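Each reported figure results from applying straightforward, stated rules to the coordinates on display, with no laboratory input. Keep in mind that this is a model prediction, so the values were computed, not measured. Please note: Cβ atoms are built from the backbone with ideal geometry, for glycine as well, and neighbour counts cover all protein chains shown.
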Amino acid sequence: MSATDRVIVVAPVNITAANAIIVHLAAIADGLRERGADVEIVVPRLPEDAPSLRVLNGLGLPVHFAPAAPTTGILRMLRPLFMLPLLISLARSQPRPAFYIRFTVLTFILHVVLRLCGARTITEHNGWMADEIAQMGGGALYRAAAAAAQIFDAHAATSVRVVAPSLMRRLSHHGLAANKIFVAENGTDLEKFHPIDRETAITRMGFDRGRRRLGLLANLTRWQGTHCAIAAMEDIAAARDDVDLMIAGDGIEMANLKRQAAAGRAAARIHFLGQVPVEQANDFLNTLDIALAPFPADRPPGSPVKLRDYCAAGCAIVASDLPQNLEQLPPDVVCFHKADNPADMARAVLALLDEPAAARDMGRRARAFAETKWAWKNTVDAVTEHLHKFAK
């Protein structure tokens with residue numbers, strides 16, 4: 001990619017919070033810039049105090065703010081349309097850019113219009129939206145509309161990046177040409193997430209030095225499986241009096257999870273930290289004895305950034321035995337438990353707590369695995385290759 005290539009990275013989603021989406025966006029944009037592209041970013045207008053603004057400003061790249069759509073209710077799906085006038089203007093400017101667009105409902109309209117303007121587009125599919133809607137209790141009509149929108153989006157784009165082979169199989173089943181799709185898993189920032197001295201991390205986070213900690217760093221949706229971790233704490237707390245569960249993050253399941261925790265016998269041992277700033281995420285992970293990924297069996301397919309960040313930070317990991325976890329994680333960097341089985345999760349956690357030296361070794365292997373397999377460089381290399389292909 002030459003320095004004259006121009007790529008516009010578009011995120012038609014709510015990035016007000018400094019969560020995995022903004023970290024993902026920043027990694028793609030920064031990686032393309034490192035490969036010689038002139039990169040610009042388009043996002044919805046943000047409040048002046050939005051934590052994600054610090055991340056965007058830290059990149060030192062041009063950022064275009066589109067009018068902000070509603071952030072709640074069904075009208076939030078119109079966010080791509082609010083971006084359309086700005087994107088058309090950019091598509092007509094010189095030098096003509098390529099667009100890298102994160103998929104959401106109605107982004108297929110962006111691809112159709114931008115390609116009519118002569119632009120090349122890559123769409124990024126991070127999951128199967130109909131499955132995610134089902135997890136949130138959406139009805140059959142809503143799920144069918146989401147599936148149709150995702151299929152249209154893939155057909156409308158010049159090229160399609162999916163984060164897991166299962167997504168590639170689904171889109172291929174719906175008639176997408178094999179040479180149009182490529183798999184590039186999500187990655188992790190190996191500089192932002194890295195092992196540090198545990199006592200230093202505990203001091204920075206202001207935690208009690210006398211406790212051992214299990215933890216999750218997550219957007220609190222049902223498919224994160226946090227409810228399983230809370231249920232498992234019943235057995236863990238009964239077996240050990242020195243272990244706490246730390247839940248870092250916010251989301252639509254927060255109220256339900258707090259009610260579940262309050263109703264159990266381990267309520268005093270479960271701590272909800274709320275949204276942890278991006279700058280503190282690595283400190284938080286380094287305070288943990290074990291990082292948890294208890295995804296439910298019906299979790300939609302994807303490429304969870306959380307697991308990559310856990311590995312990069314050198315965490316010992318206990319995770320559910322979903323096929324996607326079994327495919328992506330070698331057994332020497334994780335202890336698996338049966339999905340949706342709090343008792344089996346508690347068994348795995350307690351066994352690892354009893355072997356602190358083995359847990360430390362697991363964390364070292366996890367870091368080495370992340371360095372080899374999950375650097376964002378690998379993802380951006382695949383995106384760059386496809387930008388070259390359809391530029392010819």
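Over the stretch 198-373, what relative contact order in percent results from Cα pairs under 8 Å that are six or more residues apart?
Values: 308 pairs, mean separation 42.4, N = 176.
24 percent.
Per-residue HN-Hα couplings for the stretch 228-242, Karplus 6.51 cos²θ - 1.76 cosθ + 1.60 at θ = phi - 60°, whole Hz, x for Gly and Pro?
Per-residue couplings from phi come out as 5, 5, 5, 5, 5, 4, 4, 6, 5, 5, 5, 8, 9, 9, 10 Hz.
Can you tell me which of 266, 293, 229 moves the most in a GNM of the chain? Springs connect C-alpha atoms under 10 Å apart.
Greatest mean-square fluctuation among the candidates belongs to 266.
Based only on other Cβ atoms within 10 Å, what is the fewest-to-most ordering of 203, 188?
Details: 203 13, 188 27.
So the ranking, lowest neighbour count to highest, is 203, 188.
Work out the length of the dipole vector of the stretch 126-268 about its Cα centre, built from +1 on the beta-carbon of each Lys and Arg and -1 on the beta-carbon of each Asp and Glu, and round it to the nearest 20 debye.
It comes to approximately 200 debye.
Convert each backbone phi in the stretch 42-52 into a coupling constant with the Karplus relation 6.51 cos²θ - 1.76 cosθ + 1.60 (shift: θ = phi - 60°), then list the ³J(HN,Hα) values in order as whole Hz, x for Gly and Pro.
So the Karplus estimates, Gly and Pro as x, are 10, 9, x, 4, 10, x, 4, 9, 5, x, 5 Hz.
Using 0.36 nm per residue, how much length does the chain from residue 388 to residue 92 gain when fully extended, once their Cα-Cα distance is taken away? Present the calculation step by step, with values, prior to reporting the outcome.
Numbers: separation 296, 0.36 × 296 = 106.56 nm, distance 2.03 nm.
Net length gain for the segment: 104.5 nm.
If I take every Cα pair under 8 Å that is 6 or more residues apart in the stretch 8-155, average their sequence separation and divide by the length, what percent do I get for the relative contact order? Present the calculation step by step, with values, prior to reporting the outcome.
Values: 208 pairs, mean separation 31.4, N = 148.
Computed over the stretch 8-155, the figure is 21 percent.
Could you list 322, 61 so that the one with the fewest beta carbons within 10 Å of its beta carbon is first and the one with the most is last? Show your work: numbers first, answer last.
Working: 322 22, 61 17.
So the residues, fewest neighbours to most, are 61, 322.
Helix 79-92: angle to the longest alpha-carbon principal axis of the chain, degrees 0 to 90, nearest 10?
On a 0 to 90 degree scale, this one is about 50.
Under 5 Å between amide hydrogens, which residues at least 5 positions from residue 126 or on another chain qualify, with H placed 1.01 Å from N in the peptide plane?
Sorted by chain and number, the residues that satisfy this are 103.
Apply the Karplus parameterisation 6.51 cos²θ - 1.76 cosθ + 1.60, with θ equal to phi minus 60°, to every residue of the stretch 29-41 and state each ³J(HN,Hα) to the nearest whole Hz, in sequence, with x for glycine and proline.
4, 5, x, 5, 4, 5, 8, x, 7, 8, 9, 10, 10
For the chain, what is Rg from Cα atoms divided by 2.2 N^0.38 Å, rounded to two decimals?
Working: Rg = 21.1 Å, N = 392, 2.2 N^0.38 = 21.3 Å.
Working it through for the chain, the quotient is 0.99.
So how strong a dipole does the chain carry about its Cα centre when Lys and Arg Cβ are +1 and Asp and Glu Cβ are -1, to the nearest 20 debye?
Details: 43 positive and 40 negative charges, 218 e Å.
With Lys and Arg at +1 and Asp and Glu at -1, about 1040 debye.
Put +1 on the Cβ of every Lys and Arg and -1 on every Asp and Glu Cβ in the stretch 167-320; which of 254, 173, 200 then has its Cα farthest towards the positive end of the dipole?
Sorting the options by dipole projection puts first 173.
Compute the angle between helix 342-353 and the longest alpha-carbon principal axis of the chain, please, reported from 0 to 90 degrees and rounded to the nearest 10.
For 342-353 against the chain, the angle is about 70 degrees.
Can you list the residues, at least 5 places off or on another chain, whose amide H is less than 5 Å from the amide H of residue 100, using H built in the peptide plane?
Amide H neighbours of residue 100: 8, 9, 10, 122.
So how strong a dipole does the stretch 198-373 carry about its Cα centre when Lys and Arg Cβ are +1 and Asp and Glu Cβ are -1, to the nearest 20 debye?
On the way: 22 positive and 23 negative charges, 39 e Å.
Approximately 180 debye in magnitude.
Under a straight-distance cross-link criterion of Cα-Cα below 20 Å, which lysines are reachable from residue 306, leaving out those fewer than 8 residues away in the same chain?
By straight Cα distance, residue 306 reaches 192, 338, 373, 377.
If you average the sequence gap of Cα pairs under 8 Å that are 6 or more apart and divide by the length of the chain, what percent do you get for the contact order?
Values: 733 pairs, mean separation 59.0, N = 392.
Rounded, it is 15 percent for the chain.
Under a cut-off of 17 Å between alpha-carbon atoms, report the aspartates and glutamates in cross-link reach of residue 389, not counting same-chain residues fewer than 8 places apart.
Candidates past the 8-residue exclusion: 5, 124, 381.
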